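Taken together, the values in this text are just the output of simple stated rules run on the coordinates, not laboratory data. This is a predicted model, so every value here is computed, not measured. Backbone-built Cβ (ideal geometry, glycine too); neighbour counts: all protein chains shown.
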Amino acid sequence: MEWLPPGWCPRVVAFDIDGTLTDENKRLDMHAVEALRRLEDAGIPVILATGNVRAITYGLWRFIGLSGPMCCENGGVLWHPDWDEPHIRASGVEAKNAAIWLESQHPEIDSNGIQTNAWRESEWCLFKDENLELITKSIEASDWSNLDVVRTGFAIHLMEPHLSKGSGLELILERMGMQPSDLLSVGDAPNDLSMFAMSGWSVSVGTPFADVRDAADVVSPYPNSATIAPLVDAVLAVHSAQQL
Ligand SMILES: [Mg+2]
C-alpha cells in the first residue's frame, strides 16, 4: 500500500474525529489513539479537525496528550494551546435562528438538534436523519439562504459559508508558520473535502461517501479508524529514514 508520495513526509497531520479516529459507530479506536501519540512523540504535531465542539475536542486532546491545535465546528472555532484565546469565526446566532424557523415551517424538523449544540459557538446542528433535501431547499428559499447546509455522517450542519475545515486550517497553519503543502489530512465525510483540497496530501479512510473517496489522493483499504495505525506507520517510516 502506497500511502504517501515517494519520499514525502508531512510536517503536520490533521485528523477528523468522528468516523476517522472512531469506528462507524462513533467508538474511539485505541489503536488510532496510540498511533497519534507515536506521531507526536516523533515531533509531528497532530491537529484535531472536526465538526464537533471545542469542549468535547479539548477533552479528547487532553486525554490523548496532544500538543497541536484544534479546528472545531468545521473551522468555525480555532484553538491552539499557545494562543491566549480561541479564534471564533462566526456567532452561530443566524444558524440557530434558521433552525427555529425551519421547525416553524416544517414541524417534523427538531430545531433543538443534536446534544452538542449545548456547547456550539459558531454553527447549529440538526439530527443526521432529518430530511436533508427539504432542509436544503427550505434554507435556499429563506432569509437564511446565505447559510450552507453540510451533511456529515453524524449531523446536518447549518453554517456560515466562509466556515470550513479547509479555511480554518489555512489560518491555523499560517499562525504556526507552516504551509498547506506541509499538511497531510485524513477524513471520512463531505465536511472533510475542503481540507483535502488545501492539503499537501489527503487520505480518505474507508467510507460510504463516494465523493470523499474520489476527492482524496489515497483511499484506505480499511474502514474508518482501522486506517490510522497503518497510515501512521507509513509516515513514521519516511520520517525515520529522513532523520538518518
Ligand atoms: Mg467524520
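Our coupling estimate for the range 166-171, obtained by passing each phi through the Karplus curve with A = 6.51, B = -1.76, C = 1.60 and θ = phi - 60°, is x, 5, x, 5, 4, 5 Hz, Gly and Pro reported as x. Tell me, how many Å apart are the Cα centres for the range 193-244 and for the range 106-179? With the range 193-244 and the range 106-179 each reduced to a Cα centre, they are spaced 24 Å.
Which angle between 0 and 90 degrees, to the nearest 10, do you get for helix 93-105 versus the longest principal axis of the chain when only C-alpha atoms count? That helix lies at roughly 50 degrees to the long axis. Toward the positive end of the charge dipole of the chain, with +1 on the Cβ of Lys and Arg and -1 on the Cβ of Asp and Glu, the farthest Cα among 52, 147, 15 is that of 15.
Do the sum for the chain: with -39,500 (n - 2.57) for every DSSP H run of n ≥ 4, divided by all residues, what is the mean residue ellipticity at 222 nm, to the nearest 500 deg cm²/dmol? Write out the running numbers ahead of the final one.
On the way: 8 runs with 85 residues, N = 244.
Counting only the DSSP helices, I get -10500 deg cm²/dmol.
Every Cα-Cα pair in the chain was counted, and those over 26 Å apart are 36% of them.
Listed by chain and number, the lysines placed with their C-alpha closer than 23 angstrom to that of residue 137 are 96, 128; residues fewer than eight positions away on the same chain are left out.
Nearest 20 debye, what's the magnitude of the dipole of the chain about its Cα centre given +1 on Lys and Arg Cβ and -1 on Asp and Glu Cβ? Mind dumping the intermediate values first?
Values: 16 positive and 35 negative charges, 101 e Å.
The calculation lands at about 480 debye.
Dipole check for the range 93-159: with +1 at the C-beta of Lys and Arg, -1 at the C-beta of Asp and Glu, and the Cα centre as origin, the magnitude is about 120 Debye.
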